[in-house]
Amino acid sequence: MVAETRLSSKAHPLTVGIDPSSRKLHVSVVFFPEGEKPKKTYRELPIQASSFAWFEDLRRQYGEFPIAIEGSGLLGEVALLELQSRGMNLWEVSPIRSKGARELFGSHHEDETDATVMAYAARFVPGLTPIRTSQTKSALKQLTRVREMLLEHQIAGQRQLQSLLRQTYGAVYQDLFLDTASLKALRFFTQFPTINGALDRLADVTLALGDKKAKALEQAGRFTVDVFLQAVGQAVLSMVEVILKLKEEIRALDRQIRKQAEQDREVQAIRRCLNVKASLLPSTIVANLQDIGRFSKESKAAAYAGLGRVRWVSGKTNTSRKRMLFHRRLKRALMLLAHTKVIHDPDWHKLYQKYRDMGMWHWRALKRVARKLMKINYYELRSVQPDVQNAA
């Protein structure tokens, strides 16, 4: 069973830091012999199943020890699951913390330095969060992050398509569709990538868009730069094909996310509790929170999500400021959920309006709503796992 607290300095003579890359685990082991300077060893392990036996050999030789790993990115998830399945004592280091600590070693950036920073963080940085997850949650984390990246590419493609349409249609393209990224619009521009081509088949355009929009195209007129239009029209066709392919891949990921979410009772509990039909946001929240038992109090989970403030004291100044160490994807998902509830749920809209009436600006009021949602999520997830042990 994974240890719930980092062991005392006398209980273990070493700490381990891992910096995963695309092909290797960069592992730094720092020994702390009593009365002597720390001693470091470094090695690179290929990301493969046989490599993880090395950690078990190290544990047999020295006993239990903490392992720190940076808690972001797609890399290293399989390493986390493998190490966890072997009962290793895993701790998560915020990327901001690791960056700040790395600068103590100099301005250069190397994998060995990053791994060493993790090893020192495992011993000296207070308040690290233990890592406990499941294969389903890790799968959901990967799927939701890949979906997020594909959506970013799709949005970038839509912007590029609009730029191209300004060349092949002029300003009139904005009058044809409310959303140029809709399937209807994309299919239209596949048939008619340029205004000249559309005017050559005006009857078909009238059938597709109606008399009013067809007349708007006719009034806009033809361009005389046929060679340029032909070339840019081909670029329009290519961009439309890319956007349609991205939409198809996102739909396929959505189906897979729903399938995985149906196997996770925590996701289903949040959907029922908050009356959320879609699986995406609850899946993102649960996957990035991992095991709710990592947090002994609701305030710790809220701090992890970046929804709390930190005390700031300097001289005569005694105030609070925005938290800098938090899980950005988790906060984004909670803020999106808050935005959705405020728009579609009258009760949550009343709560939002209450905060606005108190003088809060929009984002601060929305953050308060997200904080309330985090509190509900926390206790709902704890009720699903009543026997889970509290984190330190």
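Just so it is clear, none of the values below were taken in a lab; they were calculated from the coordinates. Here the structure is a predicted model, which means the values were calculated and not measured. Every residue, glycine among them, receives a Cβ derived from its backbone with ideal geometry; neighbour counts consider all protein chains shown.
Just a few scattered comments:
- Cα centroid separation - the stretch 302-328 against the stretch 130-181, whole Å: 32 Å
- Once the chain from ARG311 to GLU34 is taken as fully extended at 0.36 nm per residue, the excess over their C-alpha distance is 96.2 nm.
- Residue pairs, from the table LYS259/LYS354; LYS247/LYS322; LYS247/LYS350; LYS184/LYS245; LYS247/LYS375; LYS137/LYS354, whose Cα atoms sit over 26 Å apart: LYS259/LYS354; LYS247/LYS322; LYS247/LYS350; LYS247/LYS375; LYS137/LYS354
- Cα-centre dipole for the stretch 139-262 with unit charges at Cβ (Lys and Arg positive, Asp and Glu negative), debye to 20: 400 debye
- Each of MET118, MET358, MET88 was scored by other Cβ atoms within 10 Å of its Cβ. Listed from fewest to most, they are MET358, MET88, MET118.
- Fewest-first ranking of ASP357, ASP200, using other Cβ atoms within 10 Å as the exposure measure: ASP357, ASP200
- Here the stretch 139-262 has an Rg and Dmax of 17.0, 57 Å, counting Cα atoms alone.
- Considering only beta bridges that DSSP places wholly inside the chain, some 75 percent are antiparallel.
- For Rg/Rh (Cα atoms, Kirkwood Rh), calculated from these coordinates, the label among (i) 0.98; (ii) 1.20; (iii) 1.08: (iii)
- For the pair GLU44 and SER163, label points projected 7 Å from Cα toward Cβ lie 3.7 nm apart.
- Projecting the Cα positions of ALA121, LEU289, ALA365 onto the charge dipole of the chain (unit charges on Cβ atoms of Lys, Arg, Asp and Glu, taken about the Cα centre) puts ALA365 furthest along the positive direction.
- For the stretch 266-384, size of Cβ-based charge dipole, Lys and Arg +1, Asp and Glu -1, in debye: 560 debye
- Here the label points at TRP363 and ARG222, each 7 Å from Cα along the C-beta direction, are separated by 5.1 nm in the simple model.
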